[in-house]
1. Return yes or no: is ALA102 over 30 Å from TYR196 (Cβ atoms), open to solvent by less than 30 Å² (accessible area, probe 1.4 Å) and in a helix (DSSP H, G or I)?
2. Give the number of residues within the stretch 130-161 that are hydroxyl-bearing (Ser, Thr, Tyr) and crowded, with 16+ Cβ neighbours inside 10 Å.
3. Can you spot a residue in the stretch 552-566 that is open to solvent by less than 70 Å² (accessible area, probe 1.4 Å), at pLDDT below 80 and at positive phi?
4. Within the stretch 250-262, is even one residue buried (at least 16 other Cβ atoms within 10 Å of the Cβ), at pLDDT below 95, among the hydrophobic types (A, V, I, L, M, F, W, C) and under 30 Å from PRO349 (Cα atoms)?
5. In the stretch 207-237, what residues are open to solvent by 50 Å² or more (accessible area, probe 1.4 Å), over 60 Å from the mean Cα position of the chain (by Cα) and touching a residue at least 40 places away in the same chain (Cβ under 8 Å)?
6. How many of the residues in the stretch 238-278 are part of a loop (DSSP other than H, G, I, E, B) and under 22 Å from the mean Cα position of the chain (by Cα)?
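The values are calculated or read from the model by the stated rules, or taken from the named source; none is laboratory data. In this text, all values refer to a predicted model and were calculated from it rather than measured experimentally. No Cβ is skipped: glycine too gets one built from the backbone with ideal geometry, and neighbour counts run over all protein chains shown. Calculation scope for accessible area: heavy atoms of the full protein, side chains included, ligands and nucleic acids excluded. Shrake-Rupley method; radii C 1.70, N 1.55, O 1.52, S 1.80 Å.
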Amino acid sequence: MVEEKMGACFTATKDQFDNLEKHTQWGIDFVERYTKFVKERSEIELNYAKQIRNLSKKYQPKKNSREEEESKYSSCRAFLTTLNELQDYAGQHELVAENLTAQIIAELAKYTQELKSERKSHFHDGRKAQQHIENSWKQLEACKRRFERDCKEADRAQQYFEKMDADINVTKADVEKARQQAQMRHQMASDSKGEYSSYLQKFNQEQNDHYYTIIPNIFQKIQDMEEKRIERLGESMRTFAEVDRSILPIVGKCLDGMTKAAESIESKNDSKQVVDSYKSGFEPPGDVEFEDYGQAMKKAVSETSLSNSRGESKPEKSNKRQGKLWPFIKKNKLSLKLGGGPEDFSHLPPEQRRKKLQAKIDDISKDIQKEVDQRDALTKMKDVYIKNPQMGDPTSLDPRLGEIAQNIDKLQAEVQKFEGWLAEVEGRMPAKSDPPSKRQSAVFETQNNAPPVTNNCAQDRESPDGSYTEEPSSEPGQPPVKPADPEFDDEFEEEEVLPTIGTCKALYPFEGTNEGTISITEGELLYVIEEDKGDGWTRVRRNEEQEGYVPTSYVEVFLDNNTKGLMTYI
């Protein structure tokens with residue numbers, strides 16, 4: 001009965017250890033699972049931050065003229081601010097990943113190793129204690145069986161002695177031998193009894209220590225280990241939330257920066273920038289006069305022609321060879337579209353040209369200031385070398401100072417050149433308040449008092465209404481001139497006749513003094529064969545042999561409905 005009870009206790013204790021072993025292993029697996037979860041979250045934060053940085057970098061403005069032009073708009077600056085804030089925003093997510101790795105992943109990985117080692121130690125102690133009490137129980141059973149066996153042997157020896165002593169046929173020596181054997185067996189039984197009693201007392205003490213001290217202590221250590229594991233897991237979960245919470249102020253500032261950038265957008269100012277960028281400086285034409293179609297068109301033209309009223313004869317027919325350089329004009333226009341514009345920006349309208357020249361002057365002035373600052377610094381260094389020869393040779397700085405002086409002279413010459421062009425534009429731009437009649441009279445006065453035309457004169461590029469045109473045969477805004485090489489005449493002798501795309505009426509008379517132009521009289525009707533390409537000139541035809549360019553502001557153009565492009569006055 002006692003053996004069955006003890007066996008049940010041993011089995012129950014062993015089962016408890018098995019259950020605890022399974023549970024603690026599950027706890028370790030749970031910690032490793034949570035660590036893996038945090039690690040994947042950290043990788044997501046890193047990938048997200050990387051994608052945000054790549055997105056911000058992708059849309060960062062490139063260093064080209066187009067992007068520099070866009071930077072003057074408040075909406076573009078706000079977008080740039082948003083991109084920069086996104087960089088800081090991505091940095092905060094990188095910080096989250098870094099803190100998760102340092103404060104949770106690394107700590108839990110280290111703690112998991114410690115937990116495994118501690119768990120192994122506790123269960124090793126438990127198995128050792130269980131094995132010890134089982135071995136003690138086996139030894140107790142062995143003492144008990146030996147005591148039982150010795151007692152049985154003593155009883156048999158006693159019965160044999162009594163039988164021999166009662167038998168009269170047995171010698172006295174045999175009886176004495178049987179008596180001694182019985183005494184020896186009784187002594188052995190007595191010794192076994194003492195040993196069994198002593199070991200039983202010892203086993204009872206060990207069993208009491210095992211079930212009331214050793215095993216409870218081991219179970220308590222395992223319980224403490226589990227509680228510590230759960231607390232450590234809870235701390236990691238709190239840290240997981242606090243790591244995210246710690247970046248919220250900076251993320252909020254990034255979002256505030258984006259909001260502030262959006263609120264800084266000024267639609268009216270951006271619109272004004274567009275107006276200033278594309279403002280040409282040309283004056284719009286005056287009112288269109290009433291035309292009486294009851295009379296013949298030639299008679300109306302003759303009666304209303306200002307040149308005829310002044311006694312001027314109709315201009316002679318232009319030579320067919322006047323248009324031979326038009327293909328070169330188109331080629332020059334193409335070259336300007338590809339970025340090869342003239343240095344003085346004469347292909348631009350007056351207002352745009354003035355802005356470009358002023359910007360060029362400002363840039364050169366900055367370069368001059370840099371050179372001057374560098375010259376002053378080298379001059380001071382040279383003075384120090386003169387006063388302290390041990391610090392350096394003063395003459396070693398002379399080549400650099402001479403180079404800087406040459407650079408300053410070149411830059412100053414450039415400034416003077418651009419300032420001359422700027423003064424020319426500002427002095428010849430038409431006043432916005434002048435009515436068309438005043439401009440017209442000024443045109444006649446300018447044409448009558450103008451000096452002879454030369455190819456190298458800058459004034460030749462000024463159109464009659466004050467608009468700035470291109471230099472002859474080298475810039476797309478200037479009407480074509482007769483080529484110097486006769487081979488070009490032969491090359492373009494058989495030029496294809498361009499179809500008409502509309503008609504136009506002359507608002508003011510124009511003296512076609514430059515080659516490639518055609519003279520017109522006020523009120524004259526002409527055919528349009530090429531509209532204004534932005535250079536201020538329109539190509540017209542009077543008859544099959546007379547073609548040429550006239551200032552766009554001098555005519556009113558009526559394009560056919562099926563033609564592409566509209567004529568506007570900026």
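1. no
2. Step one: filter the stretch 130-161 for residues hydroxyl-bearing (Ser, Thr, Tyr), giving 136, 160.
Applying the additional criterion that residues be crowded, with 16+ Cβ neighbours inside 10 Å yields 136.
Residues that pass the stated criteria total 1.
3. Yes, the stretch 552-566 contains at least one residue that is open to solvent by less than 70 Å² (accessible area, probe 1.4 Å), at pLDDT below 80 and at positive phi.
4. No: zero hits.
5. Matches in the stretch 207-237: TYR211, ILE214.
6. 3
Residues are listed down the side, and each one gets a yes or a no for (1) over 30 Å from ALA506 (Cα atoms); (2) surrounded by 12 or more Cβ atoms within 10 Å (Cβ to Cβ); (3) at pLDDT 85 or above:
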site	(1), (2), (3)
VAL415	yes, yes, yes
ARG428	no, yes, no
LYS432	no, no, no
PRO435	no, no, no
VAL443	no, yes, no
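Every residue, every condition in (1) of a type in the set (A, V, I, L, M, F, W, C); (2) modelled with pLDDT under 95; (3) out of contact with any Cys (no Cβ under 8 Å at 6 or more places or on another chain), yes or no:
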site	(1), (2), (3)
MET6	yes, yes, yes
PHE10	yes, yes, yes
GLN16	no, yes, yes
GLN51	no, no, yes
ARG66	no, yes, yes
LYS72	no, yes, yes
